[in-house]
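Novice: First the structure, which I've put down as structure tokens, then a few questions once you've had a look.
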Amino acid sequence: MTDAFFAMKAKATAAMTVLGELGIEYTVHTYPHDPRHGSYGAEAAEALGVPPARVFKTLVAAVDGALAVAVVPVTGQLDLKALAAAAGGKRAAMADVTAAERATGYVAGGISPLGHRKRLPVIVDRGALDFPTVFCSGGRRGLEIELSPADLVRAAGATVAALARL
Amino acid sequence: MSALVLLCPGVPGAPARNEAENTPENQELEAAFGRAIQAADVDDLAGVMQGVWGKSGATPEAMEQFRSAARAILNNGDLEEEDAPVFGRLGEIAVPSALLVGDADHPPLIEANKQAAAAIFGCEFTMVPGMDHLPPLRESDLVMAAITRTLARAGW
């Protein structure tokens, strides 16, 4: 059993562990998650008082049957054709939630672009580069991490492409 | 400080094994704990905590305490810091002291509390039958009596 469980403390998420191992500076923001809120990303932007264009959601899709991770602003919609092209495939569709949770190790609404259980390709929307820092899930609902877009791309081992329809 | 009454304290640095036993039941509790944290589910998290620390019963008051603790856990972010190991310094306590722990508390904590009481000179140790990790809720009279008794030893 872990010390965190014994002490009933929340241990660092896999995303925070990755950032720590890489020595990347980031800021953790928490807020009380309201299960009645209809949108995890919009909830984060509202709770943290930041423009939603700077808050990025992590979506898991299946590209030609293989899972891939798209990181797009909460103000936009994922362009599945663009994702398929960026991932070097032909067809993309949103992944089954259970498959997404199993592959990433996170629960829906708390899926981070970082620290996945299985190695998945990550593609970050180009719009992230417009901001000095962006927000994305830290690996659980109600927990966001703020970091520079360059650090996000580096930590995720991501590629950058235009993925969002605004 | 004139006197010290400790209620089932955490004792960082105690020689007692500070881990829960690796039983199937505890493994399931730990997995549920992780799931509830990821989902930020206050009620689920409180339920897991009650299974570990609130074995005397899921009364409304107890569950509200656990929900309050759950909200704190979820909002700690990365601010949580390790407690300093203090066991080796317990012998420095030079005031009348008492330590209460219940036999329904988390077993590793009970062992650490026994060791802590033995390490504090003159500490009055009380094991309370049936009490879990919520002494003021479960046994408020015993807690008050321990405080009064210990203060009396300090000349109050």
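Coordinate-derived values only; no laboratory data. Quick caveat, the model's predicted, so the values are computed rather than measured. So basically every Cβ, Gly included, is an ideal-geometry build from the backbone, and we count neighbours across all protein chains shown.
Novice: Is the shape of the range A:113-153 rounded, prolate or oblate, going by the alpha carbon gyration tensor and its root eigenvalues a ≥ b ≥ c, with a/c under 1.5 for rounded and a/b larger than b/c for prolate?
Specialist: Numbers: a/c = 2.43, a/b = 1.24, b/c = 1.96.
Verdict is oblate for the range A:113-153.
Novice: Among the trypsin sites (Lys or Arg not before Pro) in the range A:1-86, which ones are in a DSSP loop with at most 10 other Cβ atoms within 10 Å of the Cβ? Mind listing them?
Specialist: Details: sites: A:LYS9, A:LYS11, A:ARG36, A:ARG54, A:LYS57, A:LYS81; in loops: A:LYS9, A:LYS11, A:ARG36.
For trypsin sites (Lys or Arg not before Pro) across the range A:1-86 that sit outside H, G, I, E and B with at most 10 neighbouring Cβ atoms in 10 Å, the list reads A:ARG36.
Novice: So, one more: Quick one: what are the phi-derived ³J(HN,Hα) couplings along the range B:144-156, Karplus 6.51/-1.76/1.60 with θ = phi - 60°, whole Hz, x for glycine and proline?
Specialist: 4, 5, 5, 5, 4, 5, 6, 5, 5, 5, 8, x, 7
Novice: Plugging the Kirkwood radius over Cα pairs into Stokes-Einstein for chain B, at a temperature of 4 °C and a viscosity of 1.567 mPa s, what D comes out in µm²/s? The partial results should precede the final answer.
Specialist: Values: Rh = 16.8 Å.
Answer, rounded: 77 µm²/s.
Novice: Of the beta bridges DSSP finds with both residues in the protein assembly as shown, what % are antiparallel, to the nearest 5?
Specialist: Working: 22 of 38 bridges.
Antiparallel bridges: around 60 percent, rounded to the nearest 5.
Novice: Still on this model: Order by neighbour count: B:CYS123, B:CYS8, A:CYS136, fewest other Cβ atoms within 10 Å first, most last.
Specialist: Details: B:CYS123 18, B:CYS8 22, A:CYS136 29.
Ordered by Cβ neighbours within 10 Å, fewest first: B:CYS123, B:CYS8, A:CYS136.
Novice: Same structure, new question: Sticking with the crude label model, points 7 Å out along Cα→Cβ, report the distance from B:SER140 to A:ARG117 in nm, one decimal please.
Specialist: 4.5
Novice: Classify the range A:17-166 as rounded, prolate or oblate, taking a ≥ b ≥ c as the square roots of the eigenvalues of its Cα gyration tensor: rounded when a/c is under 1.5, otherwise prolate if a/b is larger than b/c and oblate if not. Please report the intermediate quantities before stating the final value.
Specialist: Details: a/c = 1.34, a/b = 1.28, b/c = 1.05.
Verdict is rounded for the range A:17-166.
Novice: Mind giving me the FRET efficiency for A:ARG126 and B:GLU64? R0 is 56 Å, r the Cβ-Cβ distance, nearest 0.05 is fine. Could you put the intermediate results ahead of the total?
Specialist: On the way: r = 47 Å, r/R0 = 0.85.
Efficiency, from the Cβ-Cβ distance: 0.75.
Novice: Further question on the same structure: Short version: ³J(HN,Hα) in whole Hz for each residue of the range B:80-89, in order, from phi by Karplus 6.51 cos²θ - 1.76 cosθ + 1.60 (θ = phi - 60°), x for Gly and Pro, what are they?
Specialist: 5, 10, 5, 6, 6, x, 10, 3, x, 9
Novice: Would you list A:ARG141, B:ARG67, A:ARG154 from fewest to most Cβ contacts within 10 Å? Let's see the in-between values first.
Specialist: Details: A:ARG141 27, B:ARG67 17, A:ARG154 14.
With the fewest neighbours first, A:ARG141, B:ARG67, A:ARG154 line up as A:ARG154, B:ARG67, A:ARG141.
Novice: Can you give me the long-range amide H partners of B:MET131? Hydrogens built in the peptide plane at 1.01 Å from N, cutoff under 5 Å, separation of 5 or more residues or another chain.
Specialist: Here B:ASP103, B:ALA104 satisfy the definition.
Novice: Which of rounded, prolate, oblate describes the range B:49-108, given a ≥ b ≥ c as roots of the alpha-carbon gyration tensor eigenvalues and a/c under 1.5 marking rounded, otherwise prolate only if a/b is larger than b/c? Write down the numbers at each step before the final one.
Specialist: Details: a/c = 2.53, a/b = 1.33, b/c = 1.91.
Taking the square roots of the gyration eigenvalues as a ≥ b ≥ c, the range B:49-108 is oblate.
Novice: Per the Kirkwood formula on distinct C-alpha pairs, the Rh of the range B:17-79 is how many angstrom? Don't skip to the end; give the middle numbers.
Specialist: On the way: mean 1/r = 0.0823 Å⁻¹.
Value: 12.2 Å, from the Cα pair sum.
Novice: Take the alpha-carbon positions of the range A:1-96, form their convex hull, and give its projected area averaged over all directions (one quarter of the hull surface) in nm². Please list the in-between numbers first.
Specialist: Working: hull surface 35.5 nm².
Answer in nm², one decimal: 8.9.
Novice: Roughly speaking, what % of Cα-Cα pairs in the protein assembly as shown are separated by over 28 Å, rounded to a whole number? If you can, show how the numbers build up before the last one.
Specialist: On the way: 25753 of 51681 pairs.
Roughly 50 percent, once rounded to a whole number.
Novice: Remind me, relative contact order of chain B in percent, using alpha carbon pairs under 8 angstrom and six or more residues apart?
Specialist: Working: 224 pairs, mean separation 55.6, N = 156.
Over chain B, the number comes to 36 percent.
Novice: Please give the calculated 222 nm ellipticity per residue for the protein assembly as shown, where each DSSP H segment of at least 4 residues contributes -39500 (n - 2.57) and the sum is spread over every residue; nearest 500 deg cm²/dmol? The partial results should precede the final answer.
Specialist: Numbers: 12 runs with 119 residues, N = 322.
Value at 222 nm, helices only, nearest 500: -11000 deg cm²/dmol.
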